[in-house]
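In what follows, a single structure is set out as structure tokens and then discussed.
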Amino acid sequence: MNESEEVKKSANASTLVKDMKESFQSSFLRDWYATLVGFLSGSKSFYVLLVLGVLVIYAGTMAGFDAARIGYRHAYGMTREIPWGILISTYVFFVVTSTGLCIVSSIGHVFGVKDFMPIAKRAVFLAIVTITAGFVVIGFEIENPFRMAIYNVISPGLSSNIWWMGTLYGAYMAFMIIEFIFLQLEMHKYATYAGLAGLLSGVAAHSNLGAIFGMLHSREYWYGPYLPVYFIASALMSGCAAIIFFTWLGYKITNEKMDRPMERSLEVISKLCTLMIAIVLFLITWKIITGMVGAAGKVEALKAMLVGPYAFNFWVLEIAVGLVIPFTLFLTSKGKNLNTLFTASAMMMFGIFFMRYDLVLIGQAVPQLHELGVNEYKGLLTYMPSFHEIAIVILGMALTITTFILGEKVFQGHKSEIH
Amino acid sequence: MKKVKIDFDNLKNENPDTITSMERREFLKIGLVVTGVFAGGSLLSAISHIDKVFASSEEMKEKYPYKPHYSMVLRQNNCIDCERCVVACNQTNEVPDYGYRTRILQRDAPDAIGMKREFIPVLCNQCNNPPCVRACPTKATTKDETTGIIMMHYHKCIGCKTCVEACPYNARYFNEEKHAIDKCNFCYDTRLSKGEKLTACAAACPAGVRIFGDLSDPSSEVYRLVHQIEHPVWVLRPEVGAKPNVFYMKF
């Protein structure tokens, strides 16, 4: 590196520090003071909701610690044959939503598409909230989370998708927090860089999450390049649904009327969401058709999904509630009717939760040694979430909703000027 | 209509005892071809022509990269489900009652001629291409460079259970006492490293089902059984491509 470059670099760094100082002193501090005053004078129902949320979080956390105390083998419904249950699927649900929110926010903040800018701040905030909820849920799933913190660093398994996913999601979370801080400071140039870094690490992490399943070559239902691709498409779909859902709720909480750019933004996002539903339906269709001529394990798993014990989840919750009805609602409302958009996005969030659940459970329903035809592995394996597991799922949900409500107040509806 | 009269008393007996050795050999060859194909390239070459398998000792080293290359042949039809192997394993390796490192599966064949039930012992296949090792985020499970045994380093295990998902043979379980995943390691810590020649299960088997030894040693019984061509040898779930070191045969 020559001297002039060095000088330039240090000049850049000093500008950044100066910018930050100025922003902090002017907008940030002032905003925060106003926020504090606003927060203390919040409405009664807001505090009721907040206290309720905190109580549920407390109860859920206690349930999690109780499960750790009595041992996960006793507290959870998981078995040797089905070692991944609703906690893994809920983790997947949260991180898919987070990645999706990050992608949706990046369309405006990183790539400069104007119509996506009004939602970007809220989307970045919620991306951080949902990934945190995901980490909390998986924190109660992994048997030795403390060992993970140590050995992920000093004994990295570089061929392992879990390692890449964990590491990249860690980086993703850091970048998203940095982006959010820059956004609060109204330093959009730096926010864009952080957003881009967050987007890249998020997409890489998320496709690795798909590959955790997709690279298990003894699990026919999951194996192949389909899942990493599907996860990204599905993430964008979930992100669109989540931002419509939470933006509508946010305006209800603050009891404000949406301005024109925000309405326009939701309209555009609902159209992107419609497209993504179509793409996901297309992917699911081909997954089924190709799978039906595959190995016996795959065919059995698909049968469990289409006509077996998961048929209700698949046809009613995933396809009807999660995809087809919202698709129709989006199309008929043409993105204009906000209440319809909210209904459709709420249905999607509900359906997508089961989409993740089915993905994780159906992949394990067929026993590994089913082809031996032995008495021990005849038929499909069953799993039922336990009380503790459901409590932790509720903890994740409560954490998301409470932090969201708090965020709406503290960050004043995530307003942002269009630049 | 004229009734066809069958002289049952003087019909030729068709039970297996009357099959000539030539017929038997031809039949076995068919089985050999089929199982050879299904068992994948490595086994196919091993059973086709023993002399042609290794042109030199170098080539043999490549085929069996471990020394000793521990391996087990399960002579499945000899198993009587006495479960002494399971008991011996549990005692030797302190396996808790909610888990197992090895077990015996039962397959009922009500329409079969003769025996109606068979027993299939299963354990960790100590694969040459182990899906569990690839999946582990913290190298808590590795393939031992000397023996080829898939080892657990309990203190590194974070309990994500991805290896349990990855294993094609359901050979892994979470051990509460060890706070880690546990699995068969051919009794490496409890017996082999202390000079014993056999695993606890192989030593306990009264029916000669579990033949344990060094696959890279041409004088060992496992080598002889895997490389003979009279009886078919197969592995479980060959399509996964894990290249197991546990072989099955009925002999």
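The values are calculated or read from the model by the stated rules, or taken from the named source; none is laboratory data. As the structure is a prediction and not an experimental result, all values here were calculated from the model. Every residue, glycine as well, gets a Cβ built from its backbone with ideal geometry; the counts of neighbours run over all protein chains shown.
Observations on the structure shown:
- B:Arg172 passes every criterion in (1) surrounded by fewer than 23 Cβ atoms within 10 Å (Cβ to Cβ); (2) under 17 Å from B:Glu94 (Cβ atoms); (3) charged (D, E, K, R) apart from (1).
- Qualifying positions in segment A:365-381 - within 12 Å of another protein chain (Cβ to nearest Cβ) and either surrounded by fewer than 23 Cβ atoms within 10 Å (Cβ to Cβ) or over 22 Å from B:Arg172 (Cβ atoms) (or both): A:Pro367, A:Leu369, A:His370, A:Glu371, A:Leu372, A:Gly373, A:Val374, A:Asn375, A:Glu376, A:Tyr377, A:Lys378, A:Leu381
- Screening segment A:59-104 for residues that are more than 14 Å from chain B (Cβ to nearest Cβ) and free of Cβ contacts under 8 Å to residues at least 24 places away in the same chain and picking the one that is surrounded by the most Cβ atoms within 10 Å (Cβ to Cβ) gives A:Met62.
- Taken together, the residues in segment B:213-249 that are within 19 Å of A:Leu372 (Cβ to Cβ), part of a loop (DSSP other than H, G, I, E, B) and away from chain A (no Cβ under 14 Å) amount to 2.
- The set of residues from segment A:132-175 being aromatic (Phe, Trp, Tyr) and touching a helix residue (DSSP H, G or I) at 6+ places or on another chain (Cβ under 6 Å) comprises A:Phe140, A:Tyr151, A:Trp164, A:Tyr169, A:Tyr172, A:Phe175.
- Enumeration of residues in segment A:143-196 that are touching a residue at least 60 places away in the same chain (Cβ under 8 Å) and polar (S, T, N, Q): A:Gln184, A:Thr192
- Where A:Ile119 falls short, out of the listed (1) surrounded by 22 or more Cβ atoms within 10 Å (Cβ to Cβ); (2) within 14 Å of another protein chain (Cβ to nearest Cβ): (2)
- For A:Gly108, the test of being over 17 Å from A:Pro228 (Cα atoms), within 23 Å of the chain's Cα centre (by Cα) and more than 9 Å from chain B (Cβ to nearest Cβ) is passed.
- Matching residues, segment B:143-159, being of a type in the set (Val, Ile, Thr) and either at pLDDT below 95 or farther than 26 Å from A:Phe140 by Cα (or both): B:Thr146, B:Thr147, B:Ile149, B:Ile150
- Criterion (on the phi < 0 side of the Ramachandran plot, assigned to a helix (DSSP H, G or I) and within 14 Å of chain B (Cβ to nearest Cβ)) met by exactly one of A:Ile362, A:Ile392: A:Ile362
- Residue satisfying condition, being at positive phi and among the charged types (D, E, K, R), within set B:Arg191, B:Arg172, B:Arg224, B:Arg237: B:Arg237
- Some residue of segment A:194-206 being more than 14 Å from chain B (Cβ to nearest Cβ), farther than 24 Å from A:Phe350 by Cα, surrounded by fewer than 19 Cβ atoms within 10 Å (Cβ to Cβ) and of a type outside the set (Gly, Ala, Ser): yes
- If the condition is being of a type in the set (A, V, I, L, M) and under 18 Å from the mean Cα position of the chain (by Cα), then segment A:391-417 contributes A:Ile392, A:Val393, A:Ile394, A:Leu395, A:Met397, A:Ala398, A:Leu399, A:Ile401, A:Ile405.
- Within segment A:310-344, tally of residues that are surrounded by 14 or more Cβ atoms within 10 Å (Cβ to Cβ), in contact (Cβ under 8 Å) with a residue 24 or more places away in the chain and not hydrophobic (A, V, I, L, M, F, W, C): 7
- Subset of segment B:101-128 (residues that are closer than 18 Å to B:Pro244 by Cβ and either assigned to a loop (DSSP other than H, G, I, E, B) or touching a Gly at 6+ places or on another chain (Cβ under 7 Å) (or both)): B:Arg101, B:Thr102, B:Leu123, B:Cys124, B:Asn125, B:Gln126, B:Cys127, B:Asn128
- Matching residues in segment A:199-249 - criterion: being in a helix (DSSP H, G or I) and aromatic (Phe, Trp, Tyr): A:Phe213, A:Tyr226, A:Tyr230, A:Phe231, A:Phe245, A:Phe246, A:Trp248
- When B:Lys116 is tested against the conditions (1) surrounded by 23 or more Cβ atoms within 10 Å (Cβ to Cβ); (2) more than 9 Å from every other protein chain (Cβ to nearest Cβ), the lone failure is (1).
- Screening the candidates A:Thr328, A:Thr382 for the property of being in a helix (DSSP H, G or I) and β-branched (Val, Ile, Thr) yields one hit, A:Thr328.
- Residue within segment B:140-159 that is of a type in the set (D, E, K, R) and out of contact with any strand residue (DSSP E or B) (no Cβ under 9 Å at 6 or more places or on another chain) present: yes
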